[in-house]
Amino acid sequence: MIMAVKLGSPPLPPPLMGMTVAKKRGSGRVLLGAYKIGADTGSAGGFPSFLPKEVEKIKDPFARSLAQRIERLPVKVDCSEGCIMSSCVKPLIQSDFNPVVLLHCFDSSCLEWRCTYPLLEEAGLEAWAIDVLGWGFSDLERLPPCNVASKRYHLYQLWKSYIKRPMILVGPSLGAAVAIDFADNHPEAVEKLVLINPSVYAEGTGNLTRLPRMLSYAGVSLLKSIPLRLYANILAFNGISLATSLDWTNVGRLHCLLPWWEDATINFMSSGGYNVIAQIKQLKQKALIICSERDQIVNYKQAVRLRLELQDASMRLIPDCGHLPHVDKPSSVARFIAEFARGDCN
C-alpha cells in the first residue's frame with residue numbers, strides 16, 4: 001500500500017497577500033484560555049508531556065512550534081467508557097466566519113498542517129487542526145474501536161462539545177474520504193468541504209481485512225519503518241535533500257511511537273476502511289477541490305471525476321507541487337482556503 005506520509009521543513013512560507021491578522025475587533029477576537037477546563041496540555045512551556053520524547057530531535061521549526069500547541073481535550077464517546085483525551089490544536093481567535101477544521105492524511109497527525117496553519121491564523125480564520133481517532137496523539141490506552149463509524153462519531157462529539165458551529169471541513173488525501181463520510185452523515189455540522197488531492201475512490205482496505213493477526217502486526221511494523229517513510233517522502237515531494245527527508249520522516253512517524261499505535265492501526269485496517277464512492281453524489285455542501293500538478297500518488301483524473309460527481313464543486317490547480325501542497329505550497333493552500341471560507345472563490 002502506498003501512503004502519503006508527509007511532512008517537512010520547507011522554506012518559511014511568505015505572507016499571504018491581502019490578508020491580515022484578525023484583531024480583537026472586526027473579523028475576529030482573540031481567545032485566551034478558551035476550553036481550558038479539562039484540557040491536558042501537560043507542559044510548562046515546552047513540548048506537551050504526552051508527546052513521544054523523540055519530538056526533541058525534530059529540527060523543523062514549524063513542526064516544533066505547532067507541536068508545542070497540541071492539547072488533549074476530553075471527548076465523550078461512550079457512557080460506559082467515559083472520555084477520550086483527544087489531541088488537537090485549538091484556535092487562538094474566534095472569527096466572524098465559520099471555523100476551518102483541518103483533518104489529515106492516512107496514518108498522520110495534526111503536525112501535517114504546521115506550515116499552513118499559521119498562515120490561516122494570519123488570515124484571520126478560526127482554525128482547528130484535529131487528530132482523527134486512531135491516529136495522531138490522542139490517549140488510546142483504553143483502546144476504543146477505530147473503524148469508520150467510531151472515527152465519525154468521535155469527530156462529531158468533538159464538534160458538538162467544542163466547535164458547535166457549521167465548519168469548513170478540510171481533508172487531504174484519505175482525509176478527504178473522512179470528510180465526505182462525515183459531511184454525508186452530519187450535514188448540519190459541515191457548511192463547506194475542501195478536498196486536497198482527494199483519495200476517495202478506493203473500496204476500503206480490501207484483502208488486508210483477512211490477514212492473519214501475526215502478518216497484520218508485521219505489516220504495521222513495516223508501515224512505521226524509516227525506509228518506507230523515506231520512500232513515501234520521495235513520492236510526495238520533489239527534489240528534497242536527504243537531511244530534510246530524514247527530518248520529515250521523524251515528524252511523520254512521531255505518532256507511531258505511541259504504545260497503542262499498532263493496535264489502533266490494525267483495528268482500522270481489519271475493519272474495512274473507507275469506501276465513500278456511493279456517498280459522493282449525495283453531498284449537497286459546496287466543495288473546493290485543490291489538486292497538485294505533480295502528484296505522484298493520486299491521479300489527477302480522480303480529482304476531475306470527483307469535480308463532475310459532486311453537486312456543487314470548483315477546482316484549483318497548484319503548479320509544480322507534489323501530493324501534499326499544504327506542506328509544499330502552504331501559501332497557495334492557505335489563500336485558497338481563506339477565499340473559499342469567505343465566499344470570494346468562484
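The values are calculated or read from the model by the stated rules, or taken from the named source; none is laboratory data. Just so you know, these numbers come straight off a predicted model, no measurement behind them. Counting neighbours? That spans all protein chains shown, and the Cβs are built from the backbone with ideal geometry, glycine included. Please note that ligands, DNA and RNA were not included when accessible areas were found on the heavy atoms of the full protein model with its side chains. Shrake-Rupley method; radii C 1.70, N 1.55, O 1.52, S 1.80 Å.
If each residue of separation counts as 0.36 nm, what is the full-extension length gain between residue 299 and residue 311 once their alpha-carbon separation is subtracted? 2.2 nm is the gain from fully extending residue 299 to residue 311. Taking amide H atoms as placed 1.01 Å from N in the peptide plane, the amide H of residue 93 lies under 5 Å from those of 31, 127, each 5 or more residues away in sequence or on another chain. Taking 136, 272, 322 in turn, the Gaussian network model of the chain (Cα-Cα springs below 10 Å) assigns the largest fluctuation to 272.
In this structure, the amide hydrogen of residue 192, modeled 1.01 Å from its nitrogen in the peptide plane, lies closer than 5 angstrom to those of 167, 168, 169, counting only residues at least 5 positions away or on a different chain.
Here r is the Cβ-Cβ distance between residue 141 and residue 221 and R0 is 22 Å; the resulting FRET efficiency, rounded to 0.05, is 0.65.
For the chain, the Cβ-based charge dipole about the Cα centre amounts to some 400 debye (Lys, Arg positive; Asp, Glu negative; other atoms uncharged). Along the chain, the exposed loop sites are trypsin sites (Lys or Arg not before Pro) outside DSSP states H, G, I, E and B with at most 15 other Cβ atoms within 10 Å, and the longest stretch free of them is 165-280. Going by accessible surface with a 1.4 Å probe and the largest first, 226, 168 read 226, 168.
Among the listed pairs 192/284; 53/224; 57/329; 192/281; 76/164; 57/224, a Cα-Cα separation exceeding 21 Å is found for 57/329. Given R0 = 30 Å, the distance between the Cβ atoms of residue 83 and residue 230 translates into a calculated FRET efficiency of 0.25.
Amide H to amide H distances under 5 Å link residue 47 with no residue, where only residues 5 or more positions off or on other chains count and H is placed in the peptide plane.
For a modelled paramagnetic label at residue 94, 7 Å from Cα along Cα-to-Cβ, the residues of segment 164-200 in reach, with backbone nitrogen under 16 Å, are 164-167. Taking every DSSP helix (H) stretch of at least 4 residues in the chain, weighting each as -39,500 (n - 2.57) and dividing the sum by the residue count yields a mean residue ellipticity at 222 nm of -9000 deg cm²/dmol. Once the GluC sites (Glu not before Pro) in DSSP loops with at most 16 neighbouring Cβ atoms within 10 Å are cut out of the chain, the longest remaining piece is 204-292. Round to a whole number: what % of the accessible area of the chain belongs to carbon and sulfur, probe 1.4 Å? In the chain, the share of accessible area belonging to carbon and sulfur is 55 percent. Projecting the Cα atoms of 303, 216, 272 onto the charge dipole of the chain (Cβ charges, centred on the Cα centre) puts 303 farthest toward the positive pole.
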